[in-house]
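The values are calculated or read from the model by the stated rules, or taken from the named source; none is laboratory data. Quick caveat: nothing in here was measured; it's all calculated off a predicted structure. Counting neighbours? That spans all protein chains shown, and the Cβs are built from the backbone with ideal geometry, glycine included. Heavy atoms of the whole protein, side chains included, go into the accessibility calculation; ligands, DNA and RNA do not. Shrake-Rupley method; radii C 1.70, N 1.55, O 1.52, S 1.80 Å.
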Amino acid sequence: RARGAAGVIHACQFCDVVQRIWTLLDDGLQEAAEELYERLLPNLMLEGLMGMAYAKEIMVRRGVLRNNRIRTEARPLDDEDLREIDRAWRRIEPYLIWHAQ
């Protein structure tokens, strides 16, 4: 593992994809791991910008949660946020491993 990296911390909405990246790295498939990471990265950036409202929106899209309601202290997502989420979602959706039945 490059530079001593042994794990990552992020919200739960993409843990299956992050696990796949680590598996690819462990299997010596560096290029495939980098490609998947580059597809995931815009979503991780949005998580940092939008916080829990973003994470909950993704969990709804994945069928884990029924709604994306958040406490009033958090800023709800607006139409521009949702457009950015849609754009990043289209890039990562084909690589999602877990889907609600």
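At-a-glance table
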read-out	value
Verdict on V60 being open to solvent by less than 80 Å² (accessible area, probe 1.4 Å) and modelled with pLDDT of 90 or more	yes
Members of the stretch 63-101 found to be surrounded by 12 or more Cβ atoms within 10 Å (Cβ to Cβ) and of a type in the set (A, V, I, L, M), listed by number	V64, L65, I70, A74, L77, L82, I85, A88, I92, L96
